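Participant: I'd like to ask some things about the structure below.
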There are 2 protein chains.
Amino acid sequence: MTEFIPEGSRFHALSSPFPMKRGGSLIGARVAYETWGTLAADASNAILIVTGLSPDAHAASNADNPATGWWEPMLGPGKPIDTDRWFVICVNSLGSCKGSTGPASLDLATGKTYRLSFPELSIEDVANAAAEVVHALGIKQLACLIGNSMGGMTALAVLLQHPGIARTHINISGSARALPFSIAIRSLQREAIRLDPAWNNGDYDELRYPESGMRMARKLGVITYRSALEWDGRFGRVRLDSDQTDEDPFGLEFQVESYLEGHARRFVRRFDPNCYLYLGRSMDWFDLAEYANGDVLAGLARIRVERALAIGANTDILFPVEQQQQIADGLRAGGADTQFIGMDSPQGHDAFLVDYDRFGPAVAQFLQTLPTAA
Amino acid sequence: MTEFIPEGSRFHALSSPFPMKRGGSLIGARVAYETWGTLAADASNAILIVTGLSPDAHAASNADNPATGWWEPMLGPGKPIDTDRWFVICVNSLGSCKGSTGPASLDLATGKTYRLSFPELSIEDVANAAAEVVHALGIKQLACLIGNSMGGMTALAVLLQHPGIARTHINISGSARALPFSIAIRSLQREAIRLDPAWNNGDYDELRYPESGMRMARKLGVITYRSALEWDGRFGRVRLDSDQTDEDPFGLEFQVESYLEGHARRFVRRFDPNCYLYLGRSMDWFDLAEYANGDVLAGLARIRVERALAIGANTDILFPVEQQQQIADGLRAGGADTQFIGMDSPQGHDAFLVDYDRFGPAVAQFLQTLPTAA
């Protein structure tokens, strides 16, 4: 199957075998990553970014790849994550199809694409793979670990499993455990893919591809990434021009439908369906309470960082802001000097990718006040 | 196709031809309804209830049908809508499959089921059909018109198109125009049905039935009827017992998934897929602003009632509470003595069907203070 690897990607060869939390291991697996800025001689100025479900490691343009990245306004010289000061790493998640090993990658043991023979993937595996990159770059301790959305889960798993790996932490629109509402949405996305006959138990190809299932799954995702009020301001009830509509009696009619259709079309062939299934399920499984007899706050309180910031949007329905408040409460109970900010962003879960006027200054302020050395 | 008509339904034969807003007309069509209580000699104590997308006219048990209705705790002797005092009518929406004429009904002109030959359905048509029932029962003016969810749209259309038909109005979790977020969700529900090969352009039967499409559509509905925080309290992260799970690697695992599956299974064969498409689209089209040069508040202000109550739940993502605030603002601008209540119910859009501790007293209080006569 196709992988989608950005120009200029670097690769870290994971320890082999690389053990997986729920059983099995990977042989000869790798993680794709990119970097920005210069690592200080004492490696004290490093920041790691772990991402949401779909992004690659190309968070921003850099010397190896001048293309605009998915977090371009946040990362660069003089930007909130100031690469004049910090050495920044962004890793593509294990299990993804953007350069790191996942279900769309070749299984070196068989010479065939993994597909559903890829071992069950946990957020903890994604975290361990990211931590290996940090150590391989000669960094003993990150100045800050930043995680967004699914990356907020990954970051917590990194911190729990690798004590001392970071002095501080920024958790953005993340969560310490999957809520049943989010599980329900991801379960429905998986069902849409699995119901598509072309999915064929994961054995599809470019010609016979679960296009409809992926389109449904992506549209459902895009809907839950935003909020009702933001879309009202954005699309209102504007109709499509007559030359954009089709003859179908239940076809596209409103701009919002065309927007979803466009989003879906861009995504469907740019993300591997099996990877989507694996990554979504890894989020459903994630629960820091497993590490503290069912008490999620106690699980969070096992994490040791000096300072932390938890941010979210009050309109987020997928990772509600109460979950970022919970992260702040738990990290504070663990001894961290912690700040929580619930932003009045109308853009829901996607706010951190859009509302840079609010998220930028919050991140900038936190990082500016950090000492570079431990 | 199958219609699902409650025991003890009554029927009103609509005027024939019954003209439809977007063109065409119905010949020999009917509306199913039920009643509770006794109509006063001067017909001054009548209340009409118009419903959400899926309910039938059986809002509560009555002499003709002792089965529990969909709004049982709200309607009956001594209940918030007190049938010792009020004569209550509930109509099944035109276009539905619960006794009123719709796409699943026989077209008398052809002797065949309408299916997609049913004319385009608008909320205004649903409203006109409901108003005919009121007049046929000898009621010149309702003491109150109550509408929930889609019924909140229908009620506004009744009031606008039939000035003087009601002295007062209760709008519950309703809206004066469809928001793009809700349009997006309903569009995706329709896409799920239309993508199912068994839908076959509306030409399915019991053997070849769009089961998967309807299951997806219903699950998406159920997800958006609730809220993330309510489900956290209800389901948490409880797993299914091992004998409830299947062998499928991406099969059901969490209770919330099983809950959705159960809901979907109960619905899929109890609601006609074509009716679902028609009714959903009628909501998307609804916009009171059409009656006032694009100004929805001005559209609302054209409605004349003496008193009004608009209620909603602060956690509703499908018909956000700002829409009920808007209804209150508009009706007030039209001269009504209007009250708005945004309830702290965790149950989202479904709160009016569940949170009787909050919605019951609000409705009871409004009705108690009404004079029976004009």
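Participant: For the list (1) assigned by TED's automatic domain parsing to the domain that holds A:Asn45; (2) touching a Leu at 6+ places or on another chain (Cβ under 8 Å); (3) of a type outside the set (Gly, Ala, Ser), I need the number of the one condition that A:Asp232 fails.
Facilitator: Going through the list (1) assigned by TED's automatic domain parsing to the domain that holds A:Asn45; (2) touching a Leu at 6+ places or on another chain (Cβ under 8 Å); (3) of a type outside the set (Gly, Ala, Ser), A:Asp232 breaks only (1).
Participant: Go through (1) hydroxyl-bearing (Ser, Thr, Tyr); (2) in the same structural domain as B:Pro273 (by TED's automatic domain parsing); (3) under 15 Å from B:Leu53 (Cα atoms) one by one and return the number of the condition B:Tyr204 breaks.
Facilitator: (3)
Participant: Tell me, please, whether a residue that is within 26 Å of A:Thr2 (Cβ to Cβ), of a type outside the set (Val, Ile, Thr) and free of Cβ contacts under 8 Å to residues at least 24 places away in the same chain can be found in region A:75-90.
Facilitator: Checked against the condition, which is being within 26 Å of A:Thr2 (Cβ to Cβ), of a type outside the set (Val, Ile, Thr) and free of Cβ contacts under 8 Å to residues at least 24 places away in the same chain, region A:75-90 yields no hits at all.
Participant: To continue, here is another question. Among the residues of region B:182-200, is there at least one that is closer than 30 Å to B:Gly342 by Cβ, out of contact with any Lys or Arg (no Cβ under 7 Å at 6 or more places or on another chain), of a type in the set (Val, Ile, Thr) and crowded, with 22+ Cβ neighbours inside 10 Å?
Facilitator: yes
Participant: Tally the residues that are part of a loop (DSSP other than H, G, I, E, B) and either over 29 Å from A:Arg208 (Cβ atoms) or not acidic (Asp, Glu) (or both), restricting the search to region A:8-57. Lay out the reasoning, then the answer.
Facilitator: Restricting attention to region A:8-57, the residues satisfying the condition of being part of a loop (DSSP other than H, G, I, E, B) are A:8-9, A:14-17, A:20-24, A:27-29, A:37-45, A:51-57.
Of the ones still in play, those that are also either over 29 Å from A:Arg208 (Cβ atoms) or not acidic (Asp, Glu) (or both) are A:8-9, A:14-17, A:20-24, A:27-29, A:37-45, A:51-55, A:57.
Total satisfying the criteria: 29.
Participant: Identify, from the list B:Lys98, B:Lys112, the residue that is among the basic types (Lys, Arg) and either under 26 Å from B:Gln347 (Cβ atoms) or in contact with a Ser or Thr (Cβ under 9 Å, 6 or more places away or on another chain) (or both).
Facilitator: Residue meeting the stated conditions: B:Lys98.
Participant: Kindly establish whether A:Leu300 is out of contact with any strand residue (DSSP E or B) (no Cβ under 9 Å at 6 or more places or on another chain) and not polar (S, T, N, Q). Before the answer, list the steps.
Facilitator: Working: out of contact with any strand residue (DSSP E or B) (no Cβ under 9 Å at 6 or more places or on another chain): yes; not polar (S, T, N, Q): yes.
Considered against the rule, which asks whether it is out of contact with any strand residue (DSSP E or B) (no Cβ under 9 Å at 6 or more places or on another chain) and not polar (S, T, N, Q), A:Leu300 comes out as yes.
Participant: Out of A:Gly164, A:Gly95, A:Gly99, report the one residue that is at positive phi and either over 16 Å from the mean Cα position of the chain (by Cα) or surrounded by fewer than 24 Cβ atoms within 10 Å (Cβ to Cβ) (or both). Break it down stepwise before answering.
Facilitator: Working: A:Gly95 fails: either over 16 Å from the mean Cα position of the chain (by Cα) or surrounded by fewer than 24 Cβ atoms within 10 Å (Cβ to Cβ) (or both); A:Gly99 fails: either over 16 Å from the mean Cα position of the chain (by Cα) or surrounded by fewer than 24 Cβ atoms within 10 Å (Cβ to Cβ) (or both).
Within the list A:Gly164, A:Gly95, A:Gly99, the selection yields A:Gly164.
Participant: May I ask you to list the residues in region B:2-13 that are in contact with a strand residue (DSSP E or B) (Cβ under 6 Å, 6 or more places away or on another chain), of a type outside the set (Phe, Trp, Tyr) and closer than 27 Å to B:Phe286 by Cα?
Facilitator: Residues satisfying the conditions are B:His12, B:Ala13.
Participant: Of a type outside the set (Phe, Trp, Tyr) and in contact with a strand residue (DSSP E or B) (Cβ under 7 Å, 6 or more places away or on another chain), is that true of B:Asn171?
Facilitator: Spelling it out, B:Asn171 is indeed of a type outside the set (Phe, Trp, Tyr) and in contact with a strand residue (DSSP E or B) (Cβ under 7 Å, 6 or more places away or on another chain).
Participant: Got a number for residues in region A:139-178 being in contact with a Phe, Trp or Tyr (Cβ under 7 Å, 6 or more places away or on another chain) and over 17 Å from A:Ala364 (Cα atoms)?
Facilitator: Summing the residues that are in contact with a Phe, Trp or Tyr (Cβ under 7 Å, 6 or more places away or on another chain) and over 17 Å from A:Ala364 (Cα atoms) in region A:139-178 gives 7.
Participant: Within region A:283-306, can you find the residues that are outside any helix (DSSP H, G or I), touching a residue at least 60 places away in the same chain (Cβ under 8 Å), more than 12 Å from chain B (Cβ to nearest Cβ) and surrounded by fewer than 22 Cβ atoms within 10 Å (Cβ to Cβ)? Spell out the reasoning first.
Facilitator: If we filter region A:283-306 for residues that are outside any helix (DSSP H, G or I), which is where we start, we get A:286-287, A:292-295, A:302-306.
Next cut, touching a residue at least 60 places away in the same chain (Cβ under 8 Å) only: A:286-287, A:302-306.
When the remaining residues are screened for being more than 12 Å from chain B (Cβ to nearest Cβ), the result is A:302-306.
A:Arg302, A:Arg304, A:Glu306, listed by residue number.
Participant: Something else now. Of all residues in region A:231-249, which are modelled with pLDDT under 90 and within 9 Å of chain B (Cβ to nearest Cβ)?
Facilitator: Once the filter is applied, which keeps residues that are modelled with pLDDT under 90 and within 9 Å of chain B (Cβ to nearest Cβ), region A:231-249 yields A:Asp248, A:Pro249.
Participant: I'd like to know if region A:223-244 contains one or more residues that are closer than 30 Å to A:Ser105 by Cα, in contact with a His (Cβ under 8 Å, 6 or more places away or on another chain) and in contact (Cβ under 8 Å) with a residue 12 or more places away in the chain.
Facilitator: yes
Participant: When you check B:Ser227 against the structure, is it closer than 30 Å to A:Gly233 by Cβ and more than 9 Å from every other protein chain (Cβ to nearest Cβ), yes or no? Working first, answer last.
Facilitator: Numbers: closer than 30 Å to A:Gly233 by Cβ: yes; more than 9 Å from every other protein chain (Cβ to nearest Cβ): no.
No.
Participant: Examine region A:39-49 for a residue that is without any contact (Cβ under 8 Å) to a residue 24 or more places away in the chain and either under 29 Å from A:Asp287 (Cα atoms) or not assigned by TED's automatic domain parsing to the domain that holds A:Pro361 (or both), and state whether such a residue exists.
Facilitator: No - not one qualifying residue is present in region A:39-49.
Participant: Considering only residues that are facing chain B (nearest Cβ under 8 Å) and more than 21 Å from B:Ile185 (Cα to Cα), look in region A:253-282 and name the one that is surrounded by the fewest Cβ atoms within 10 Å (Cβ to Cβ).
Facilitator: If we take residues in region A:253-282 being facing chain B (nearest Cβ under 8 Å) and more than 21 Å from B:Ile185 (Cα to Cα), then A:Arg281 is surrounded by the fewest Cβ atoms within 10 Å (Cβ to Cβ).
Participant: Go through region A:327-357 and give me each residue that's under 19 Å from the mean Cα position of the chain (by Cα) and within 14 Å of chain B (Cβ to nearest Cβ).
Facilitator: Scanning region A:327-357 gives A:Gln347, A:Gly348, A:His349, A:Asp350.
Participant: Which members of region A:17-27 meet the condition of being in contact with a strand residue (DSSP E or B) (Cβ under 7 Å, 6 or more places away or on another chain), surrounded by fewer than 20 Cβ atoms within 10 Å (Cβ to Cβ) and touching a residue at least 12 places away in the same chain (Cβ under 8 Å)?
Facilitator: Within region A:17-27, A:Ser25 is the sole residue that qualifies.
Participant: Among the residues of region B:138-160, is any among the hydroxyl-bearing types (Ser, Thr, Tyr), under 18 Å from B:Val88 (Cα atoms) and either crowded, with 24+ Cβ neighbours inside 10 Å or out of contact with any helix residue (DSSP H, G or I) (no Cβ under 6 Å at 6 or more places or on another chain) (or both)? Full working, then the answer.
Facilitator: Of all residues in region B:138-160, those among the hydroxyl-bearing types (Ser, Thr, Tyr) come to B:149, B:154.
Remaining after also requiring under 18 Å from B:Val88 (Cα atoms): B:154.
From what is left, the residues that are either crowded, with 24+ Cβ neighbours inside 10 Å or out of contact with any helix residue (DSSP H, G or I) (no Cβ under 6 Å at 6 or more places or on another chain) (or both) are B:154.
Checked against the condition, which is being among the hydroxyl-bearing types (Ser, Thr, Tyr), under 18 Å from B:Val88 (Cα atoms) and either crowded, with 24+ Cβ neighbours inside 10 Å or out of contact with any helix residue (DSSP H, G or I) (no Cβ under 6 Å at 6 or more places or on another chain) (or both), region B:138-160 yields at least one hit.
Participant: Which condition number in (1) facing chain B (nearest Cβ under 9 Å); (2) touching a Gly at 6+ places or on another chain (Cβ under 9 Å); (3) more than 17 Å from A:Glu191 (Cβ to Cβ) is the one that A:Ala310 fails?
Facilitator: (1)
Participant: Among the residues of region A:152-161, is any assigned to a loop (DSSP other than H, G, I, E, B) and either away from chain B (no Cβ under 14 Å) or within 14 Å of the chain's Cα centre (by Cα) (or both)?
Facilitator: Checked against the condition, which is being assigned to a loop (DSSP other than H, G, I, E, B) and either away from chain B (no Cβ under 14 Å) or within 14 Å of the chain's Cα centre (by Cα) (or both), region A:152-161 yields no hits at all.
Participant: Please go through (1) surrounded by fewer than 22 Cβ atoms within 10 Å (Cβ to Cβ); (2) over 22 Å from A:His58 (Cα atoms) for A:Leu179 and return the number of the only condition it doesn't satisfy.
Facilitator: For A:Leu179, the failing item is (1).
Participant: Then there is this: Can you find a residue that is more than 19 Å from A:Phe286 (Cβ to Cβ), within 13 Å of chain B (Cβ to nearest Cβ) and modelled with pLDDT of 95 or more anywhere in region A:178-192?
Facilitator: So far as region A:178-192 goes, yes, one or more of its residues are more than 19 Å from A:Phe286 (Cβ to Cβ), within 13 Å of chain B (Cβ to nearest Cβ) and modelled with pLDDT of 95 or more.
Participant: Out of A:Ala41, A:Ala63, A:Ala67, A:Ala59, which single residue is farther than 23 Å from A:Ala155 by Cα and under 20 Å from the mean Cα position of the chain (by Cα)?
Facilitator: Within the list A:Ala41, A:Ala63, A:Ala67, A:Ala59, the selection yields A:Ala67.
Participant: OK, next. Can you name the number of the only condition in (1) assigned to a loop (DSSP other than H, G, I, E, B); (2) surrounded by fewer than 22 Cβ atoms within 10 Å (Cβ to Cβ) that B:Pro73 fails?
Facilitator: Looking at each condition in turn, B:Pro73 falls short on (1).
The values are calculated or read from the model by the stated rules, or taken from the named source; none is laboratory data. Everything numeric here is computed off the predicted structure, so don't read it as measured data. Methodologically, a virtual Cβ is constructed for each residue, glycine included, from the backbone with ideal geometry; neighbour enumeration extends over all protein chains shown.
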